[in-house]
Amino acid sequence: MKQLTVFEMEAISGGYNWDFSSVGAGLQTLVSNSVEAIGSAVVGGIITGAIGTLIGGTQSGANGGILGFGMFGNLVGMFWGLGMGAIGGAVGAAAVGWDTTITTAVEMAQSAIAGTFVPWSH
């Protein structure tokens, strides 16, 4: 079986580092990988939850009726977008790891500052 180099490990999406050569090293990698996965999930969940709220809150009531029930559609869509965006983003961010999560967050922030951030166009 081929041993991966450090470069190859960094290129793998979600490539967490594991070392079970001793009990101490195993515990250390377990804790550090858990912290990385939890941190990635928190950052990804917050960002995609906010995007889900934005899209759900603005697009859900697009078919509102004459009596203004579209407003309730927007309200439900806002909370549904928050929940589903946060869950999906947390799972996805934990899968790709900390480096990819932070790179994506920085790219999104830069595009928001530049005025080119349009998440609903994809």
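General remarks:
- Check on Ala50, over 22 Å from Val6 (Cβ atoms) and modelled with pLDDT of 90 or more: yes
- Filter result for Ile113 (modelled with pLDDT of 90 or more, of a type outside the set (D, E, K, R), farther than 15 Å from Thr48 by Cβ and assigned to a helix (DSSP H, G or I)): yes
- Test: residue in the stretch 63-70 that is surrounded by 12 or more Cβ atoms within 10 Å (Cβ to Cβ) and within 24 Å of Phe7 (Cβ to Cβ): no
- For the stretch 73-82, the criterion of being modelled with pLDDT under 85, aromatic (Phe, Trp, Tyr) and over 11 Å from the mean Cα position of the chain (by Cα) is met by none of the residues.
The values are calculated or read from the model by the stated rules, or taken from the named source; none is laboratory data. This one's a predicted model, so the numbers in the text were calculated from it and none came from an experiment. As a convention, Cβ positions derive from the backbone with ideal geometry for all residues, glycine included, and neighbour counts pool all protein chains shown.
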